[in-house]
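As structure tokens, the structure follows; a few thoughts come after it.
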Amino acid sequence: MIKKIVSIFFIFNCFLLFLYSFTQVDLNLTLSRSPMVHGVIKNFQTIGFYNRPLSTEIYIAILTGMSLCFLYFLYQAYKGNISASFVWKLLLIVIPILVLSYNAFSYDLFNYLFYPKIILQYHQNPYLQVPHDYPNDPMVHFMRWTGQTYPYGPVWLILTTPLSYLGMGFLIPTLILFKLFITFSFLGTLYYIQKIVKIVAPKMVALSLVFVGLSPCF
């Protein structure tokens, strides 16, 4: 019974985190042309940008709730009261909620979106060109580090350029595709963690999944 209550509370906190994320939508970014949606996001932005003390309190409250749930799950997994299937079911509930959230506190994702755009739309080399070279592109207005060339090796660029192509130059579809790719990579990591731990420490499978999969840090 307690495990069920804590699980519901964890899901509820994830939903609150989803809502809170939209308080951090950049002021130069319009996510929707719908007047109703735009108005709601503007109200959220008022909290995130113009009422920082309240925003901080909300964020700390959400993280505290998630952390308490995490510690409970960690203890129960250590005691053998939580199975791997329970962790997977909980993840399958909260991940769709969090995938649709805004990438609060992180502008890196916009840079990941833009570098493939340099290849596909501008037919240039992101190792030689920087986002700031395209001042008329609307994305540049809400990005950071626009004077930096592509900072990573080619593998990530090779993996993400097709996602940018499938997004057809539209921000929201491309953003969701990137987040889905990252999500499946995360789930794949958990899957192989489970397989490895089954071999080296079979009794700690659920504990390892909780430690990585349900941690607020991740």
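No lab work stands behind these numbers, since they all come straight from the coordinates. Just so it is clear, the model here is predicted, and its values are computed rather than measured. Glycine gets a Cβ as well: all are built from the backbone with ideal geometry, and neighbour counts include every protein chain shown.
Sorted from fewest to most neighbouring beta carbons within 10 Å, what does the list Ile2, Ile47 look like?
Taking fewest neighbouring Cβ atoms as first place, the list is Ile2, Ile47.
Based only on Cα atoms, what Rg/Rh ratio does the chain have, Rh being taken as Kirkwood's radius?
1.02
Just want the ordering: Ile62, Ile196, from fewest to most Cβ atoms lying within 10 Å of their own Cβ.
In increasing order of surrounding Cβ atoms, one gets Ile196, Ile62.
Fewest first, what order do Met139, Met1 take by the number of other Cβ atoms within 10 Å?
Going from sparsest to densest Cβ surroundings: Met1, Met139.
When the Kirkwood radius is taken over all Cα pairs of region 17-140, what Stokes-Einstein diffusion coefficient follows at 10 °C and 1.306 mPa s, in µm²/s?
90 µm²/s
Find the all-direction average of the projected area of the Cα convex hull for region 47-98, expressing the result in square nanometres with one decimal place.
Average of the hull's projected areas for region 47-98 equals 4.3 nm².
Mind checking Rg over Rh on region 108-169, alpha carbons, Kirkwood formula for Rh?
Result: Rg/Rh = 0.91.
Where in the chain are the DSSP H helices whose alpha-carbon span along the long axis reaches 20 Å or more and whose Kyte-Doolittle mean is at least -0.5?
Both cut-offs are met by 2-21, 35-50, 52-78, 84-99, 171-200.
Give the cross-link partners of Lys79 among the lysines, using a straight C-alpha distance below 28 Å as the criterion and excluding same-chain residues fewer than 8 apart.
Correct list for Lys79: Lys3, Lys4, Lys89, Lys195, Lys198, Lys203.
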